[in-house]
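Undergrad: The structure follows.
What follows draws every value from the coordinates through simple rules; no lab data is involved. Because the structure is a prediction, the values reported are computed rather than measured. For neighbour counting, all protein chains shown are included, and Cβ atoms are generated from backbone atoms with ideal geometry for every residue, glycine included.
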Amino acid sequence: MAKRKKEPTAWDMAKQVPAVVLEYAKPFVHYTFIPLIIVLGMTMTEPRPSIAQLLGPM
């Protein structure tokens, strides 16, 4: 008699959720952190610098 493959339970599937979330969250945070800091610097300071002033040399 062949063994049947056990169906995953809701608990087994729930244990995989953090791994999947982190798989997508890590690259998102990695590539958006510096642009977020630039945007916050542009909008929260006085006088408001332009993008060219922020990214260009003196």
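Undergrad: Given the Cα atoms of the chain, and with Rh set as the inverse mean 1/r over their pairs in the Kirkwood sense, what is Rg to Rh to two decimals?
TA: Expressed as Rg/Rh, it is 1.47.
Undergrad: Continuing with the same structure: Grab the Cα-Cα distance for Lys6 and Leu55, subtract it from 0.36 nm times how many residues apart they are, and report the gain in nm with one decimal.
TA: 12.0 nm
Undergrad: For the chain, give the magnitude of the charge dipole about the Cα centre (Cβ charges: +1 Lys/Arg, -1 Asp/Glu; no others), in debye to the nearest 20.
TA: 520
Undergrad: Does anyone have the angle between helix 10-44 and the longest principal axis of the chain? Alpha-carbon axes, 0 to 90°, nearest 10?
TA: Approximately 0 degrees, to the nearest 10.
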